[in-house]
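Q: Structure in structure tokens, see below.
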Amino acid sequence: MPIVWGGLIAFIILLLAFDMLVLHKKGVAPSNKRVARESGFWVGLALAFTAVIYWLYSSGYVLNIDNYTPRKASELYITGYLIELSLSVDNLFVIAMIFASFKIPVKYQHKALFWGILGAIIFRGLAIGVGVVLIRKIDWMTYVFGAFLLFTALKMIFKKNEEEDDGSESKIFKFLSRFLKFSKEIDGEKFWTIQNGIRMATPLFAALIIIEVSDLLFALDSIPAILGVTQDPFIVFSSNIFAILGLRSMYFFLANMLEKFEYLEYSVFVILMFVGVKLILVHHVHIAEWISLTVIGVSLLAGIFYSIYRIKVEEGQSK
């Protein structure tokens, strides 16, 4: 079992190195065609990992506590991956807002996103470990997690039209400013710079810290959500991490289209509500994996297609 976990972590490290050393071109804004190819690569890699899950659970190389069949383990992995991918959409909106508030050019955003993803992998791993232990050791924890997801979903809808603080005016930045001196000038991809002989943090560093904190807040939603599907630590961790790994490319791919897909937020609302109810009923009603996968898939597709439909309607009205 340790060999499998070690292999997965080693593979993740290799992917991070590939992203930083091969995919990233320093000081160059990625083209739409390039980020589309990269997004396809990460999604394809995540889906291809389904075959690895099937093989691992058929060969007995992982600790199969819940006695999942290879097919069921694969379905749970795909379901978990889609949940994490859908919840990442909201995270992309926040990241775009943070970069805009600090006026970070696109060509310098990659480095902050890379280190943000690395931090997210570490924090998510710790959160998953704690979440799995809690939900396995304390039966009523499913009710707590389920209620929290319902609360999050409702809060997201009711606060949809409320104005949010941008990064440069956030409480986090004001707190950091008590301990660090921040320059107003961007110095390429550097997190630290020297101005008038004084070492100062750059706006890029401020953006990185706020992105890390925002991911911690999003983890409060995403971890209970995937634990509503399965409590198998290997499936939870792998599906979560593969969704995070593709987040950077997906951000650049969707950066110019995020506002157009505004109805995806309702897809996320439906998914959170469904998983919340499923968690609350987990000890009383069994909901088949194919139902979960169908609800999540249909919700995402409905949000995407309705957003496209509304764009076309609005374009037709403006002519």
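Q: Of everything in the stretch 192-213 that's assigned to a helix (DSSP H, G or I) and among the small types (Gly, Ala, Ser), which residue is surrounded by the fewest Cβ atoms within 10 Å (Cβ to Cβ)? Reasoning before the result, please.
A: Of the stretch 192-213, the ones assigned to a helix (DSSP H, G or I) are 203-213.
Still in the list and also among the small types (Gly, Ala, Ser): 206-207.
Values: ALA206: 26, ALA207: 28.
Here the answer is ALA206.
Q: Exposed (fewer than 14 other Cβ atoms within 10 Å of the Cβ), modelled with pLDDT of 80 or more and charged (D, E, K, R): which single residue out of GLU169, GLU185, GLU162, GLU189 fits that description? Please lay out each step first, then the result.
A: Details: GLU169 fails: modelled with pLDDT of 80 or more; GLU162 fails: modelled with pLDDT of 80 or more; GLU189 fails: exposed (fewer than 14 other Cβ atoms within 10 Å of the Cβ).
None of the other options fit; the residue is GLU185.
Q: Do we have ASN240 as under 27 Å from TYR143 (Cα atoms) and either crowded, with 21+ Cβ neighbours inside 10 Å or of a type outside the set (Asp, Glu) (or both) here?
A: Spelling it out, ASN240 is indeed under 27 Å from TYR143 (Cα atoms) and either crowded, with 21+ Cβ neighbours inside 10 Å or of a type outside the set (Asp, Glu) (or both).
Q: Report every pair of residues separated by at least 6 positions or lying on different chains whose Cβ atoms are under 7 Å apart, first residue within the stretch 1-14 and without any contact (Cβ under 8 Å) to a residue 40 or more places away in the chain and over 13 Å from PHE237 (Cα atoms), second acidic (Asp, Glu) and assigned to a helix (DSSP H, G or I).
A: none
Q: I'm told LEU216 meets every condition in (1) crowded, with 21+ Cβ neighbours inside 10 Å; (2) assigned to a helix (DSSP H, G or I) except one. Can you identify the failing condition by its number?
A: Failed condition: (1).
Q: Working only within the stretch 91-133, note down all residues that are buried (at least 17 other Cβ atoms within 10 Å of the Cβ) and among the charged types (D, E, K, R).
A: LYS111, ARG124
Q: Taking the stretch 36-66 only, how many residues are in contact (Cβ under 8 Å) with a residue 60 or more places away in the chain and either part of a helix (DSSP H, G or I) or in contact with a Cys (Cβ under 7 Å, 6 or more places away or on another chain) (or both)?
A: Counting residues in the stretch 36-66 that are in contact (Cβ under 8 Å) with a residue 60 or more places away in the chain and either part of a helix (DSSP H, G or I) or in contact with a Cys (Cβ under 7 Å, 6 or more places away or on another chain) (or both) gives 11.
Q: When ILE9 is evaluated against the numbered criteria (1) farther than 23 Å from PHE253 by Cβ; (2) more than 19 Å from the chain's Cα centre (by Cα), which criterion, by number, is the only one it fails?
A: Unmet for ILE9, out of (1) farther than 23 Å from PHE253 by Cβ; (2) more than 19 Å from the chain's Cα centre (by Cα): (2).
Q: Do the conditions hold for TYR81, that is, is it over 15 Å from the mean Cα position of the chain (by Cα), aromatic (Phe, Trp, Tyr), outside any loop (DSSP other than H, G, I, E, B) and at pLDDT 80 or above? Let's see the steps before the verdict.
A: Values: over 15 Å from the mean Cα position of the chain (by Cα): no; aromatic (Phe, Trp, Tyr): yes; outside any loop (DSSP other than H, G, I, E, B): yes; at pLDDT 80 or above: yes.
No: the conditions fail for TYR81.
Q: Here is a follow-up. Is there any pair with a first residue in the stretch 238-252 that is closer than 19 Å to VAL94 by Cα and a second that is outside any helix (DSSP H, G or I) and at pLDDT below 80 whose Cβ atoms are under 6 Å apart and which are 6 or more apart or on different chains, and what are they?
A: PHE252/PRO30
Q: Looking at LEU21, LEU45, which one is exposed (fewer than 12 other Cβ atoms within 10 Å of the Cβ) and either farther than 30 Å from GLY188 by Cα or out of contact with any strand residue (DSSP E or B) (no Cβ under 8 Å at 6 or more places or on another chain) (or both)? Please lay out each step first, then the result.
A: On the way: LEU45 fails: exposed (fewer than 12 other Cβ atoms within 10 Å of the Cβ).
Result of the check over LEU21, LEU45: LEU21.
The values are calculated or read from the model by the stated rules, or taken from the named source; none is laboratory data. Here the structure is a predicted model, which means the values were calculated and not measured. Backbone-built Cβ (ideal geometry, glycine too); neighbour counts: all protein chains shown.
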